[in-house]
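Heads up: the structure comes next, in structure tokens.
The values are calculated or read from the model by the stated rules, or taken from the named source; none is laboratory data. Please read these numbers as outputs of a predicted model, since none were measured by experiment. Cβ placement follows ideal geometry from the backbone for every residue including glycine, while neighbour counts extend to all protein chains displayed. Surface areas here come from the heavy atoms of the whole protein model, side chains and all, with no ligands, DNA or RNA. Shrake-Rupley method; radii C 1.70, N 1.55, O 1.52, S 1.80 Å.
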Amino acid sequence: VLDFGSQYAQLIARRVREQHVYCEIVRHDISVEQIRSHRPRGLILSGGPSSVYAQGAPRCDPAIFQMGIPVLGICYGMQLACDALGGKVSSVPSREYGHARCRIVSRGDLLIGLPDEIDVWMSHGDRVVELPPAFKLMASTDAAPIAGMADDERGYYGVQFHPESFLTDCGHELLRRFLNKSIAP
């Protein structure tokens, strides 16, 4: 888990470990060489309080997207992945904090078998407004029309909501599916 200052980074790691998968939390600015030395099978980019377009915002080495392993961006992590891969992020008129109703638009690898709508936990001041090339829309809410994105072929995913929170329906299932994709041979 690359930590971008999220209040939920420890909870993300806990949810991963509850799935019996080894997990470490590392600084967001860890080098790709250091990441490779850990031999990860997947990366999770945590949320955080910054805006990806703000000067001095925390960033990761964009070469992580050349490592050939699955990546899941959560909240700020999704926005960061979007920005790094050619999409667009902008601010929202007012921060969203709390429950939202999320509509599943396309299921892909992470959302197969989930209900058409789920309640999710949101905490953000920015949102993705244009998907990166090769990504498809996975999920949408009223305040975040792009609440989930996927590039199943490369194993890159992003969700604006917090699947690690018990306040998100089926969040454990989404994380389990990402982890299964990551640890599969």
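Need pairs with beta-carbon distance below 8 Å; first residue farther than 12 Å from Tyr76 by Cβ and outside any strand (DSSP E or B) and within segment 155-170, second open to solvent by less than 10 Å² (accessible area, probe 1.4 Å) and among the aromatic types (Phe, Trp, Tyr); sequence gap 6+ or separate chains.
Thr168/Phe161
Matching residues to (1) touching a helix residue (DSSP H, G or I) at 6+ places or on another chain (Cβ under 7 Å); (2) among the basic types (Lys, Arg); (3) more than 22 Å from Gln34 (Cα to Cα):
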{"site": "Gly77", "(1), (2), (3)": "no, no, no"}
{"site": "Ala81", "(1), (2), (3)": "no, no, no"}
{"site": "Pro93", "(1), (2), (3)": "no, no, yes"}
{"site": "Glu96", "(1), (2), (3)": "no, no, yes"}
{"site": "Ala100", "(1), (2), (3)": "no, no, yes"}
{"site": "Arg103", "(1), (2), (3)": "no, yes, yes"}
{"site": "Arg107", "(1), (2), (3)": "no, yes, yes"}
{"site": "Leu114", "(1), (2), (3)": "yes, no, yes"}
{"site": "Ile118", "(1), (2), (3)": "no, no, yes"}
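Kindly list, by first and then second residue, each pair from a residue in segment 87-99 that is more than 15 Å from Ala147 (Cβ to Cβ) and in contact (Cβ under 8 Å) with a residue 40 or more places away in the chain to a residue that is open to solvent by less than 100 Å² (accessible area, probe 1.4 Å) and outside any loop (DSSP other than H, G, I, E, B), limited to pairs with Cβ atoms under 9 Å and residues at least 6 apart or on different chains.
So the pair list comes out as Lys88/Cys82; Lys88/Val128; Lys88/Val129; Lys88/Glu130; Ser91/Gly125; Ser91/Asp126; Ser91/Arg127.
Starting from residues that are part of a helix (DSSP H, G or I) and either touching a residue at least 60 places away in the same chain (Cβ under 8 Å) or touching an Asp or Glu at 6+ places or on another chain (Cβ under 9 Å) (or both), keep the ones in segment 34-49 and report whichever is most open to solvent (accessible area, probe 1.4 Å).
Narrowing segment 34-49 to residues part of a helix (DSSP H, G or I): 34-38.
Right, trim to either touching a residue at least 60 places away in the same chain (Cβ under 8 Å) or touching an Asp or Glu at 6+ places or on another chain (Cβ under 9 Å) (or both) and you get 35, 38.
Details: Ile35: 7, His38: 95 Å².
Looking at residues that are part of a helix (DSSP H, G or I) and either touching a residue at least 60 places away in the same chain (Cβ under 8 Å) or touching an Asp or Glu at 6+ places or on another chain (Cβ under 9 Å) (or both), I get His38.
Let me confirm something: among Ile118, Ile112, Ile74, which residue is open to solvent by 10 Å² or more (accessible area, probe 1.4 Å) and more than 20 Å from Gln55 (Cβ to Cβ)?
Values: Ile118 fails: open to solvent by 10 Å² or more (accessible area, probe 1.4 Å); Ile74 fails: open to solvent by 10 Å² or more (accessible area, probe 1.4 Å).
Selected residue: Ile112, the only one of Ile118, Ile112, Ile74 that is open to solvent by 10 Å² or more (accessible area, probe 1.4 Å) and more than 20 Å from Gln55 (Cβ to Cβ).
When you check Ser94 against the structure, is it farther than 27 Å from Ile183 by Cα and open to solvent by 40 Å² or more (accessible area, probe 1.4 Å), yes or no? If you could, list the steps in order and put the result at the bottom.
Working: farther than 27 Å from Ile183 by Cα: yes; open to solvent by 40 Å² or more (accessible area, probe 1.4 Å): yes.
So Ser94 passes the test.
Give me a count of the residues in segment 68-120 that are assigned to a loop (DSSP other than H, G, I, E, B) and among the small types (Gly, Ala, Ser). Break it down stepwise before answering.
We begin by selecting, within segment 68-120, every residue assigned to a loop (DSSP other than H, G, I, E, B); these are 68-70, 75, 85-87, 105-107, 112-116.
Filter once more, keeping what is among the small types (Gly, Ala, Ser): 68, 86-87, 106, 113.
Result for segment 68-120: 5.
Among the numbered conditions (1) open to solvent by 30 Å² or more (accessible area, probe 1.4 Å); (2) among the hydrophobic types (A, V, I, L, M, F, W, C); (3) in contact (Cβ under 8 Å) with a residue 24 or more places away in the chain, tell me where Val52 comes up short.
Val52 satisfies all of (1) open to solvent by 30 Å² or more (accessible area, probe 1.4 Å); (2) among the hydrophobic types (A, V, I, L, M, F, W, C); (3) in contact (Cβ under 8 Å) with a residue 24 or more places away in the chain except (1).
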